[in-house]
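Visitor: The structure is given below, and queries will be raised subsequently.
The values are calculated or read from the model by the stated rules, or taken from the named source; none is laboratory data. What you see is a predicted model, and the numbers here were worked out from it, not measured in a lab. Every residue, glycine among them, receives a Cβ derived from its backbone with ideal geometry; neighbour counts consider all protein chains shown.
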């Protein structure tokens, strides 16, 4: 019973955090490739992210037409779509305009992304990446709001 109550309270706390994310993050955003810095795999040629009250969906296009896409649902904590099963995530609302996304693989932190609403038309995501092989690196990614 105590475990069930603790789990229920935990889910409510995560749901409440998702509600505190500034609604200004919601909408469609386009990657500013020229204004961003990327890791050793190089920059994508294009990217888009769509934020809703339920999380976000994300896609990048690379040279040669390769497309990477995934999604994060935040209704009940953090759930991944399009990511291998040994990955888990956590979303923390640092402030309403600053969201921290932590991605773990089999318990090891692989990525911590600090996503901030800089102004009504710009977000900045600073990702500290620890790959399974290779040296850690940091990416700074700028997104510009789409005209809707």
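Visitor: Is segment 128-146 home to any residue that is out of contact with any helix residue (DSSP H, G or I) (no Cβ under 7 Å at 6 or more places or on another chain), under 19 Å from residue 20 (Cβ atoms) and without any contact (Cβ under 8 Å) to a residue 60 or more places away in the chain? Full working, then the answer.
Guide: Within segment 128-146, the first condition is being out of contact with any helix residue (DSSP H, G or I) (no Cβ under 7 Å at 6 or more places or on another chain), and the residues that meet it are 128-146.
Next, from what is left, pick out any that are under 19 Å from residue 20 (Cβ atoms): none.
No, every residue in segment 128-146 fails to be out of contact with any helix residue (DSSP H, G or I) (no Cβ under 7 Å at 6 or more places or on another chain), under 19 Å from residue 20 (Cβ atoms) and without any contact (Cβ under 8 Å) to a residue 60 or more places away in the chain.
Visitor: What number goes with the only condition from (1) touching a strand residue (DSSP E or B) at 6+ places or on another chain (Cβ under 9 Å); (2) under 24 Å from residue 20 (Cβ atoms); (3) touching a residue at least 40 places away in the same chain (Cβ under 8 Å) that residue 101 does not pass?
Guide: All conditions pass for residue 101, except number (3).
Visitor: Within segment 62-78, which residues are touching a residue at least 24 places away in the same chain (Cβ under 8 Å) and surrounded by 15 or more Cβ atoms within 10 Å (Cβ to Cβ)?
Guide: 72, 74, 77, 78 - these are the residues of segment 62-78 that are touching a residue at least 24 places away in the same chain (Cβ under 8 Å) and surrounded by 15 or more Cβ atoms within 10 Å (Cβ to Cβ).
Visitor: Can you name the number of the only condition in (1) modelled with pLDDT of 95 or more; (2) not in a loop (DSSP other than H, G, I, E, B) that residue 44 fails?
Guide: (2)
Visitor: Further, regarding this structure: For segment 116-127, enumerate the residues that are within 17 Å of residue 21 (Cα to Cα) and free of Cβ contacts under 8 Å to residues at least 60 places away in the same chain. I'd like the intermediate steps shown before the answer.
Guide: At the first step, the residues of segment 116-127 found to be within 17 Å of residue 21 (Cα to Cα) are 116-125.
Within segment 116-127, 116, 118, 119, 121, 122, 124, 125 qualify.
Visitor: Report, by residue number, each residue of segment 93-116 that is part of a strand (DSSP E or B) and loosely packed, with under 13 Cβ neighbours inside 10 Å. So that I can check it myself, show each step before the final result.
Guide: Going through segment 93-116, the residues part of a strand (DSSP E or B) turn out to be 93-95, 98-105, 108-116.
Matches in segment 93-116: 94, 95, 108.
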